[in-house]
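Below is one structure, written out as structure tokens, with a few remarks after it.
Derivation of every value follows stated rules applied to the coordinates shown; laboratory data play no part. Note that this is a predicted model, so its numbers are computed, not measured. No Cβ is skipped: glycine too gets one built from the backbone with ideal geometry, and neighbour counts run over all protein chains shown.
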Amino acid sequence: MTIFQQIITIAMVVLATMITRFLPFVVFGGNRPTPKYIQYLGYALPGAVFGLLVVYSLKDVSLLSGSHGLPELIAIAVVVGLHLWKRQMLLSIAGGTICYMLLVQLIF
């Protein structure tokens, strides 16, 4: 890329970042109440995103070859167990990720 193209690219990235950061405050700022559909999205989207991540993570697991999905099932059990025990999302995610990586690197 030329210097001009690099400058344009950086400017577009900065502009897009600023728009995505400032737009919610412009649209929903002030003393106006947050619309009900935005509140619903804030309630429903986190679960939908995690469901999407689970499907994406498990889409290539083969139950008929290799480790037969055992590292994935063990890691899922660790995530569920940690979440039921501590109710801390980041701990559950980190614990499951560490468990999976250790299983794949050291055992399977």
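A few notes on this one:
- Kirkwood analysis of the chain, using all unique Cα-Cα pairs, places the hydrodynamic radius at 18.1 Å.
- Low-density loop positions, trypsin sites (Lys or Arg not before Pro), region 25-108 - DSSP coil, at most 14 other Cβ in 10 Å: LYS59, ARG87
- GNM flexibility winner over the chain from ILE93, ILE19, ILE38 (Cα, springs under 10 Å): ILE19
- Calculated mean residue ellipticity, 222 nm, the chain: -25500 deg cm²/dmol, from DSSP H runs (n ≥ 4) at -39500 (n - 2.57) each, averaged per residue and rounded to 500.
- Shown for region 1-49 is the translational diffusion coefficient from the Stokes-Einstein equation, using the Kirkwood radius over Cα pairs, a temperature of 10 °C and a viscosity of 1.306 mPa s: 117 µm²/s.
- Euclidean distance of C-alpha centroids, region 1-66 and region 70-99, integer Å: 24
- Our coupling estimate for region 14-31, obtained by passing each phi through the Karplus curve with A = 6.51, B = -1.76, C = 1.60 and θ = phi - 60°, is 4, 4, 4, 5, 5, 5, 5, 7, 8, 4, x, 6, 6, 6, 10, x, x, 9 Hz, Gly and Pro reported as x.
- The simple spin-label model puts a point 7 Å past each Cα toward its Cβ; for VAL27 and VAL13 those points are separated by 2.5 nm.
- Farthest towards the positive end of the charge dipole of the chain, among the residues TYR56, GLY95, LEU23, is the Cα of LEU23, using unit charges on the Cβ of Lys, Arg, Asp and Glu.
- HN-Hα J in Hz across region 86-91 - Karplus 6.51, -1.76, 1.60, θ = phi - 60°, x for Gly and Pro: 9, 6, 10, 4, 5, 5
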